[in-house]
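Below is one structure; the comments refer to it alone.
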């Protein structure tokens, strides 16, 4: 039973390795001739896991030039000393065979012209020595291999160059510029560099030279956002509030809490009106979204205890909105200036009336808050004069900004 379990574990461990080695594009030991020459190495094609019409290995050691051409070599270069010895041995066997034949002919001539026992013995000795020498030259390889196979394995250490393989990215706009993005399949047309940022949300594109073989587009028409509902597929969603979280998010974010939308009233009070959870993705990047719903619209309209009933909140009662989340174990608020760049928390050091969460709202300028109309415009139902404009806030959290 234990042997069966061990066999299964070995197969499981070896399966991914074999799958990775089967693709020369993502095997770091496989190079094309142009790649190897550009890196200053010596290219040798068609061997092992890198066998193919254009793939091979790239070595640091370059061929050695020799002064005298040896038959059997293509040109006046050898790969290394081991190849030089092998070629010289092969050529030496031919020379020995010719010399042995000549010696036998000389011995035979002496034999035919011998007039006494002394010359006949000399002829026999020459012929015998020639035959023994020829047999040693021909069978020396077999003799050495029989004694010890390592004696005939002339292989000097060679340094194989390793090629950098890009990991890739989940979204095409994050794919490194030196990794081609293909459309229409693994052998499709290359997407122009200028078009990477405009690839359509939800469409899958191919990056065969990266470990991540595919990426997805992220661009939507005006008025829509590219978001996932946690199923791994992305689509353009109309009229929502949301965004992404990147940077050091995996180490400073509390995975059990999401994002809260708070309203800051003119009297200095802070109120949570909406909350949402993180949407996990395969990468370190995460998403959050507040879906459009009647209850969300009512929560925004009734913020700070008043509404005009015309889709706006009285400016006299609302200063603006903020996003709250747990960073480094503490609840932190971010405002409008944190969207789309390096995020920083809203914080002041003074203590005053209306201080909520160590933030003195009165000391903050209006440009620090997310404008109330930006939030409501993302949630309202489309109607004449009130177009739906989604509000997207992409956050980048780094430890240096959230001590």
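Read-outs: derived from the displayed coordinates by stated rules, not from any lab. Small disclaimer: the values here were computed from a predicted structure and weren't measured. Ideal geometry is used to build each Cβ from the backbone, glycine not excepted, and the neighbour counts take in all protein chains shown.
Scoring 100-108, 24-32 by mean Cβ neighbours within 10 Å over their residues and listing the highest first yields 24-32, 100-108. Sorting 339, 58 from the fewest to the most surrounding beta carbons within 10 angstrom yields 339, 58.
Grab the eigenvalues of the alpha-carbon gyration tensor for segment 124-217, scale each by 5, take roots, and send me the semi-axes largest first in whole angstrom.
Working: eigenvalues 826, 35, 22 Å².
Each semi-axis is the square root of five times an eigenvalue, giving 64, 13, 10 Å.
In terms of other Cβ atoms within 10 Å, 244, 275 run from fewest to most in the order 275, 244.
Applying D = kT/(6 pi eta Rh) to segment 166-219, where Rh is the Kirkwood radius over alpha-carbon pairs, T corresponds to 20 °C and eta to 1.002 mPa s, the Stokes-Einstein value obtained is 205 µm²/s. Peptides 286-294, 319-327, 393-401 ranked from most to least packed give 319-327, 286-294, 393-401, packing being the mean of other C-beta atoms within 10 angstrom over each peptide's residues. Remark: spin-label model distance residue 77-residue 373 equals 7.1 nm, labels positioned 7 Å along the Cα→Cβ axis.
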